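Here's the structure we're looking at; comments come further down.
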2 protein chains.
Amino acid sequence: MEHDEVGFVSGRSRLYGIVGHPITQVRSPEMVTAEFVKRGHHGIFVPFHVEPDDFEASTRALLRMPNLGGLVFTIPYKQRAMALATRIEPNAQTVGAINALARDGNEGWKGEIFDGLGCVEAFRRRGIGFAGKRVTLIGAGGAGSAIAVAIAHEKPASMRMFDLNSRRVEDLAARIRHLAIEVEVGMPVIEDCDILLNATPTGMLEDQRSPVAAERLPPSLVVFDAIVMPETTTLLALAEACGCVTVRGREMMRGQIARIVDFFGV
Amino acid sequence: MEHDEVGFVSGRSRLYGIVGHPITQVRSPEMVTAEFVKRGHHGIFVPFHVEPDDFEASTRALLRMPNLGGLVFTIPYKQRAMALATRIEPNAQTVGAINALARDGNEGWKGEIFDGLGCVEAFRRRGIGFAGKRVTLIGAGGAGSAIAVAIAHEKPASMRMFDLNSRRVEDLAARIRHLAIEVEVGMPVIEDCDILLNATPTGMLEDQRSPVAAERLPPSLVVFDAIVMPETTTLLALAEACGCVTVRGREMMRGQIARIVDFFGV
């Protein structure tokens with residue numbers, strides 16, 4: 001059988017994909033498909049390049065295919081995709097965006113955002129919970145918002161948040177206070193803090209800067225950086241030199257993939 | 001890189017697929033994808049299950065995706081798909097159906113039907129041409145029509161065709177006579193014939209019948225059966241016992257896949 005020659009695509013394959021513009025940079029096709037293979041699911045996850053004018057028609061057409069199992073959304077569609085969901089999970093409601101749609105009964109589609117849940121999952125896999133912890137988060141953009149909301153649902157003792165754009169960090173803080181979490185907005189502090197998270201692009205690629213000014217970090221601090229490339233940012237290198245436990249962007253990405261595949265019901 | 005873990009799907013994969021209803025029985029996803037891999041093309045060919053009411057909207061949406069390289073159509077869409085093409089190849093015009101769409105310049109899509117061309121390709125790979133040959137074809141349905149038209153374009157000396165449905169075989173004969181081929185309609189004959197082709201379902205699966213009544217075949221006759229399962233039909237078993245050269249349905253399928261991938265420009 002030719003099926004064995006290639007491994008995992010056939011007429012019986014359940015179809016999944018990521019909708020974005022542009023599309024070539026996405027990593028979910030190989031990562032989600034690998035997770036399907038690992039779980040023994042006969043599915044294939046492909047890139048769907050959809051241009052902004054076609055978003056509505058193209059996604060509705062995909063969702064009408066009986067063999068479509070789910071979709072993931074990336075830039076610039078995380079907000080627009082909300083309109084496709086017939087039910088939105090509480091976490092995504094607070095964020096105001098979704099990045100995945102999965103079947104919900106016969107006709108429905110449930111929407112959730114996993115950017116932040118992937119971060120929580122990465123910590124959980126390291127045996128570290130957020131409940132009762134004092135958390136400092138730098139960055140209140142797309143990734144930072146999703147991380148803040150996901151952590152808030154874990155009931156930390158307090159959250160301190162910083163962003164150069166004070167309006168968006170205040171707006172995010174207000175949404176999180178609705179979840180009855182103690183939230184402070186201001187410059188990041190590394191004392192009286194259990195977990196420090198960077199969700200800014202500072203340190204990405206050729207940028208050698210650290211998002212915090214400190215030259216030393218307390219060894220009890222757990223340090224997370226959402227940046228995937230480079231794997232070891234200047235912040236993480238400092239944390240390691242100071243004996244801190246570190247959690248990497250790639251771990252968040254893996255955690256997110258696992259949670260999305262759970263969400264698909266695989 | 002996770003890309004290496006799975007082999008061939010990523011954000012840079014060119015997307016292709018087959019549109020049909022139902023879809024689980026199709027074999028092209030594994031066969032076309034394997035052909036892409038063989039040719040070093042970074043593409044993935046997936047099943048798109050599209051229901052009749054959604055055909056127009058879903059296919060138009062797919063064709064608008066910039067990373068879509070082409071589509072194949074199966075039952076029940078080979079006729080309806082013609083309306084999607086901006087240019088129809090002469091072979092498909094004569095058949096009145098297409099089973100593949102490939103990009104044609106910046107905005108266009110060219111349509112062709114490869115069911116019959118795959119048969120011609122299978123013979124070519126065996127070093128057997130149709131030019132100047134006396135051909136007998138049994139079956140004037142979808143597969144038979146496509147085979148008849150593709151062979152007619154090869155300029156055989158004559159074609160004799162038979163089908164239990166006399167109207168459809170007369171209609172097919174009329175279309176082929178337009179190509180200036182000598183065509184006769186009537187019971188199949190195995191004498192004064194160089195190539196005998198079965199394009200009926202007689203002999204498929206549990207059906208042990210032969211589409212011809214003969215107990216012996218001339219050893220000079222080349223015998224083809226479009227049936228894929230079983231690989232050796234009763235007709236082919238008889239032909240082999242009589243020392244005839246035989247060409248199998250699976251060879252036609254492989255020939256069709258190769259020609260479709262050529263058509264995609266891969």
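Computed from the coordinates by the stated procedures, all read-outs in this text should not be read as laboratory data. None of these values were measured; they are calculated from a predicted model. We place every Cβ from the backbone using ideal geometry, glycine too, and count neighbours over all the protein chains shown.
Peptide A:66-76: average number of partner chain Cβ atoms within 10 Å per residue?
2
Using every pair of distinct Cα positions in the stretch B:76-166, the Kirkwood expression returns a hydrodynamic radius of 13.9 angstrom. Helix B:115-125 and the long axis of chain B differ in direction by around 70°, with both axes built from C-alpha atoms.
Remark: relative contact order (the stretch A:2-110) = 27 percent; criterion is Cα-Cα distance under 8 angstrom and separation of 6 or more residues.
How large is the charge dipole for chain B, taken about the Cα centre, if only the Cβ atoms of Lys, Arg (+1) and Asp, Glu (-1) carry charge, to the nearest 20 debye? Please report the intermediate quantities before stating the final value.
On the way: 29 positive and 32 negative charges, 121 e Å.
Once rounded to the nearest 20, the dipole reads 580 debye.
Between A:THR232 and B:ARG12, the simple spin-label model (points 7 angstrom out along Cα→Cβ) gives 2.7 nm. Among DSSP beta bridges whose residues both lie in the stretch B:16-138, state the antiparallel percentage, nearest 5. The antiparallel proportion sits near 40 percent.
Counting only other chain Cβ atoms within 10 Å of each residue's Cβ, the peptide B:25-32 averages 6.
A Cβ-based charge dipole, computed about the Cα centre of the protein assembly as shown with Lys and Arg at +1 and Asp and Glu at -1, lands at about 180 debye.
Under 13 Å from the Cβ of B:ILE44, count the other residues' Cβ atoms, weight Lys and Arg +1, Asp and Glu -1, and hand me the total. Every neighbour counted, the sum reads -1. Legend: ranking of residues A:THR24, B:THR59, A:THR33 from fewest to most surrounding C-beta atoms inside 10 Å; resulting order A:THR24, B:THR59, A:THR33.
Between amide H atoms placed 1.01 Å from N, distances below 5 Å from A:VAL247 occur with A:VAL223, A:PHE224, A:ASP225, all of them 5 or more places distant or on a separate chain.
The equivalent ellipsoid that matches the C-alpha gyration tensor of chain A spans semi-axes of 34, 21, 16 angstrom, in descending order. Centre-to-centre separation between the Cα atoms of the stretch A:61-76 and those of the stretch A:196-264: 31 Å. Per residue of chain B, the DSSP helices (runs of n ≥ 4 H) give a summed -39500 (n - 2.57) that works out to -9500 deg cm²/dmol at 222 nm.
On average, how many beta carbons from a partner chain sit within 10 Å of the beta carbon of a residue in B:47-56? The partial results should precede the final answer.
On the way: counts 10, 6, 8, 5, 3, 0, 1, 5, 0, 1.
If you average over the peptide's residues, the count of other-chain Cβ atoms is 4.
Using Cβ contacts closer than 10 Å as the measure, can you line up A:HIS21, A:HIS178 from fewest to most?
On the way: A:HIS21 16, A:HIS178 10.
Ascending Cβ contact count within 10 Å gives the list A:HIS178, A:HIS21.
The relative contact order of chain A comes to 15 percent, based on Cα pairs under 8 Å that sit 6 or more residues apart.
Converting phi to 3J(HN,Hα) with the Karplus coefficients 6.51, -1.76 and 1.60 and the offset θ = phi - 60°, the stretch B:93-106 yields 4, 5, 5, x, 6, 10, 10, 8, 10, 10, 4, 9, x, 6 Hz in sequence order, with x at every glycine or proline. Sorting A:MET252, B:MET82 by the number of Cβ atoms found within 10 Å of their own Cβ, with the fewest placed first, yields B:MET82, A:MET252. Considering only B:HIS178, B:SER210, B:LEU197, the residue lying farthest towards the positive end of the dipole of the stretch B:155-210 is B:HIS178, judged by Cα position with unit charges set on Cβ. Taking label points 7 Å from Cα along the Cα-to-Cβ direction, B:HIS21 and A:HIS178 give a separation of 4.1 nm. In loop segments of the stretch A:193-266 as defined by DSSP, the GluC sites (Glu not before Pro) with at most 14 further C-beta atoms inside 10 Å of their C-beta are A:GLU206, A:GLU215, A:GLU231.
Taking every DSSP beta bridge that has both ends in the protein assembly as shown, the antiparallel portion is near 20%. Take A:GLY127, push a point 7 Å out from Cα through the beta-carbon direction, and compare it with the same point in every other copy: 7.0 nm, smallest first. Radius of gyration over Kirkwood radius for the protein assembly as shown, both on Cα atoms: the Rg/Rh ratio is 1.14. Residues of the stretch A:54-74 falling in the label zone of B:ASP53, defined by backbone nitrogen less than 19 Å from a point 7 Å along Cα to beta-carbon, are A:57-68. Across the stretch A:116-252, C-alpha contacts under 8 Å between residues 6 or more apart give a mean separation that, scaled by the residue count, equals a relative contact order of 23 percent. If both residues of a DSSP beta bridge must be in chain B, then about 20% of such bridges are antiparallel.
The Rg/Rh ratio for the stretch B:116-253 is 0.92, where Rg is the radius of gyration of the alpha carbons and Rh is the Kirkwood radius.
What is the local net charge at B:GLY265, summed over the other residues whose Cβ is closer than 15 Å to its Cβ (Lys, Arg +1; Asp, Glu -1)? Could you put the intermediate results ahead of the total?
Numbers: positive: B:ARG14, B:ARG39, B:ARG87, B:ARG103, B:LYS110, B:ARG259; negative: B:GLU35, B:GLU89, B:ASP104, B:GLU112, B:ASP262.
Net charge around B:GLY265: +1.
Projecting label points 7 angstrom from Cα along Cα→Cβ for A:ASP207 and A:ILE75 puts them 1.2 nm apart.
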